[in-house]
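Undergrad: This is the structure, below, for whatever I ask next.
Each value in this text was obtained by applying a stated rule to the coordinates, not by laboratory testing. Here the structure is a predicted model, which is why all the values come from computation and not from measurement. Note that each Cβ is placed from the backbone with ideal geometry, even for glycine, and that neighbours are counted across all protein chains shown.
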Amino acid sequence: MPTVAIIGAQWGDEGKGKVVDMLAAEAQMVVRFSGGSNAGHTVVNPYGEFRLHLVPAGIFHPQTTCIIGNGVVVDPEVLLEELELLAGLGIDTSRLFISSRAHLVMPYHTLLDGLEEEFRGRGAIGTTRKGIGPAFMDKAARLGIRMGDLQDAASFRDRLDFVLDYKNAILTKVFGREPLSKEDVYNRYLEYAQKLAPYIRDTEPIIAEALDRGDLVILEGAQGTMLDPDFGTYPYVTSSPPTAAGACLGMGLSPTKINSILGVFKAYTTRVGGGPMPTELKDEVGERIRERGQEYGATTGRPRRCGWLDGVVLRFSAGVNGFTGGVLTRLDVLDIFPTVKICTAYQAEGSKIERFPSSLSLLERCQPVYEELPGWEAPTDHVRRFEDLPPQAQAYVRRIEELMGCPISIVSVGPRREQTIRVRPIL
C-alpha cells in the first residue's frame with residue numbers, strides 16, 4: 001500500500017502540480033487534502049497548459065481516480081468551470097469524487113474575505129479574496145455547510161436559513177452592506193447540487209479500498225509548510241494545514257499509512273502576499289529570477305516576491321514534515337548566474353540564528369547569512385541524468401541536501417513532464 005505525500009516546503013508555488021502530474025502516471029489514486037481555490041497548480045502536459053485550483057493534477061491520467069478530500073473547501077462555481085474545461089478537451093472527469101465532508105465556499109465567504117482584508121489596512125494578510133479563510137473559520141466555528149448537505153434540499157434550506165441570518169447581520173450591521181437574498185443563494189446552490197451530485201461520496205472507504213489493493217496513492221498538497229497556521233509565519237499564513245500531518249487530517253488517513261513524504265521546493269525562494277521573507281531580493285537579481293521563472297500567481301496573477309534559496313526554511317520544513325526525499329524544481333532558472341547564494345543562517349542583533357524563529361517580530365529583524373557558490377552558466381533544461389548536470393549545479397544540489405538533512409530524489413529543469421531528472425527512487 002505505497003502512499004506518497006507531496007508537500008510544499010516553502011511558501012507555496014513550488015511546482016507541486018508538475019510533480020503530481022508526473023508521478024500520477026504510475027499511480028491509481030491522487031487525493032487533494034487541503035486548501036481551496038486559492039491554490040493554483042500549473043500543469044504542462046500533452047493536453048496543454050493548465051492552472052488547476054481544485055481538481056487534483058492526476059486527472060490527466062485515465063487510470064487514476066482523483067479525490068477532493070474533506071480537508072478542502074470547495075467553491076462549486078470554480079469546480080464546475082474546471083470540470084467543463086477538462087470535459088471540453090476530452091478528459092474523463094467521471095473518475096473524480098468529492099468528499100461529502102468537504103465544506104462549501106458560500107457567497108458570504110467571498111464578500112467577507114474582501115471586506116475583512118480592507119478593514120485590516122496596512123496589516124492586510126494578502127489573501128486571494130476567494131473566501132477560503134472565512135470558509136475555514138466557519139468550519140471551526142461550526143457554522144459551515146458541507147457538500148453532503150447539498151444532497152438533501154430541505155436540510156440544506158434549514159442550515160442555510162440559520163447561517164445566512166447570522167452572516168447578513170454581519171454584512172449589514174458591521175460593514176454596512178446589503179444583505180444576501182436567501183432565495184438567490186438557495187436556488188443557485190440547488191443548481192450546483194444537481195450538477196455535482198454524481199461526484200459527492202463518502203470518500204474514506206474509497207481510499208481505504210485502494211490502500212487494501214496495494215494501489216499507489218499520491219497525496220496532493222496545496223500551499224506550503226511556511227503558510228501552515230501553526231508552524232508558518234503567523235498571522236501571514238493560510239487557513240488549513242499544508243503539512244504531512246495535514247494530509248492525514250484532510251482525507252481521513254492514519255499517519256502509519258504514509259510511506260514517503262516528498263518536500264517540493266524551488267532552487268530559489270518565492271512568496272506571495274504579506275509577511276517576512278528574509279532572502280527577498282528587491283533588486284535586478286530578484287527581477288531576473290522573477291522573469292526567468294515567470295513568477296506570477298496562478299490564482300491571482302500577482303508578481304511573486306523572489307530571493308535566494310533559504311536553507312533555514314528548508315531545514316525547518318524538513319523537520320516539521322519528516323521528509324524522506326526532496327524535489328528540487330526550477331533549477332534551470334539559475335542557469336544564467338555566475339554565482340548563486342544559499343542562506344545558511346540568520347543574523348539578528350548580533351546573534352546568529354540557525355533555527356527558524358517562531359517570533360514574527362524577530363523574523364522581521366533577521367538578515368540572511370549567505371554562502372556563495374559558483375554558478376554554472378550553462379543550460380540545464382535538456383539534461384535528463386544527474387551526472388550530466390554541470391559540476392557546479394551538482395555541487396549546488398548536494399549542498400542543499402546537506403542543509404536539509406535529507407536526500408534529493410528528483411530535480412526538475414523545466415515545466416514539462418520530460419524535463420525531469422530522477423536522482424533516486426521515491427519509495
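Undergrad: Please list, by residue number, everything in segment 301-330 whose backbone N is under 20 Å from a paramagnetic label point 7 Å out along Cα→Cβ of residue 230.
TA: 313-324
Undergrad: Just report the Cα centroid separation between segment 359-427 and segment 38-105, whole Å.
TA: 30
Undergrad: Can you work out the FRET efficiency for the pair residue 401 and residue 165, with r the C-beta to C-beta distance and R0 = 60 Å, to the nearest 0.05?
TA: 0.60
Undergrad: While we're here: Provide the FRET efficiency to the nearest 0.05 for the residue 155-residue 339 pair, computing r from the beta carbons and using R0 = 51 Å.
TA: Given R0 = 51 Å and the Cβ-Cβ separation, E is 0.25.
Undergrad: Once you list every other residue whose beta carbon is under 13 Å from the beta carbon of residue 54, what net charge do they have if Lys and Arg are +1 and Asp and Glu are -1?
TA: In short, -3.
Undergrad: Report the full-extension gain for the segment residue 392 to residue 287: residue separation times 0.36 nm, less the Cα-Cα distance, to one decimal in nm.
TA: 35.5 nm
Undergrad: Here is a further query. Counting only other residues whose beta carbon sits under 13 Å from that of residue 109, what net charge do I get with K and R as +1, D and E as -1?
TA: Once all neighbours under 13 Å are counted, the net charge is -2.
Undergrad: With a ≥ b ≥ c the root eigenvalues of the C-alpha gyration tensor of segment 151-268, is it rounded (a/c under 1.5), prolate (a/b larger than b/c) or oblate?
TA: It comes out oblate by the Cα gyration axes.
Undergrad: Now for a different question. Just subtract the alpha-carbon distance of residue 360 and residue 381 from 0.36 nm times their residue separation and send over the number in nm, one decimal.
TA: 3.8 nm
Undergrad: Next up: Between segment 152-203 and segment 237-272, what's the alpha-carbon centroid distance in Å?
TA: Taking the Cα centre of segment 237-272 as reference, the centre of segment 152-203 is 31 Å away.
Undergrad: Near residue 16, which lysines are there with a Cα under 20 Å away, not counting those fewer than 8 places off in the same chain?
TA: Cα-Cα hits under 20 Å: 266.
Undergrad: With each pseudo-label sitting 7 Å past Cα toward Cβ, what's the residue 254-residue 47 distance in nm, one decimal?
TA: It is 3.4 nm.
Undergrad: Within 12 Å, Cβ to Cβ, of residue 401, how many net charges do the neighbouring residues add up to if Lys/Arg are +1 and Asp/Glu are -1?
TA: +3
Undergrad: Give me a comma-separated list of calculated 3J(HN,Hα) values for segment 236-242, in order, Karplus coefficients 6.51, -1.76, 1.60 applied at θ = phi - 60°, integers in Hz, x for any Gly or Pro.
TA: Along segment 236-242, the couplings run 8, 9, 8, 10, 9, x, x Hz.
Undergrad: Rounded to the nearest 500 deg cm²/dmol, what is the calculated helix-only ellipticity per residue at 222 nm for the chain, with -39500 (n - 2.57) per DSSP H run of length n ≥ 4?
TA: Helix-only estimate at 222 nm: -10000 deg cm²/dmol.
Undergrad: What spacing in nm lies between the two simple spin-label points modelled at residue 349 and residue 418, each 7 Å away from Cα in the Cβ direction?
TA: Placing both labels 7 Å beyond Cα along the Cβ direction yields 5.6 nm.
Undergrad: Under 8 Å for C-alpha pairs, at least 6 residues apart: give me the relative contact order for segment 1-119, rounded to a whole percent.
TA: 22
Undergrad: Could I ask something else about it? Could you work out which residue, out of 193, 87, 345, moves most in a Gaussian network model of the chain, that is, has the largest mean-square fluctuation with Cα springs under 10 Å?
TA: 87
Undergrad: Sketch the reach of a paramagnetic label on residue 122 as a point 7 Å from Cα along Cα-to-Cβ, and name the residues of segment 342-381 whose backbone nitrogen lies under 20 Å away.
TA: Once the point is set 7 Å along Cα→Cβ of residue 122, 360-366 turn out to lie under 20 Å by backbone N, inside segment 342-381.
Undergrad: Per-residue HN-Hα couplings for segment 79-93, Karplus 6.51 cos²θ - 1.76 cosθ + 1.60 at θ = phi - 60°, whole Hz, x for Gly and Pro?
TA: Karplus values, whole Hz, x for Gly and Pro: 4, 5, 5, 5, 4, 5, 4, 5, 4, x, 9, x, 8, 6, 9.
Undergrad: Related question: Could you calculate the FRET efficiency of residue 143 with residue 177 from 1/(1 + (r/R0)^6), where r is the beta carbon distance between them and R0 is 25 Å, rounded to 0.05?
TA: Step by step, r from the Cβ atoms, then E = 0.85.
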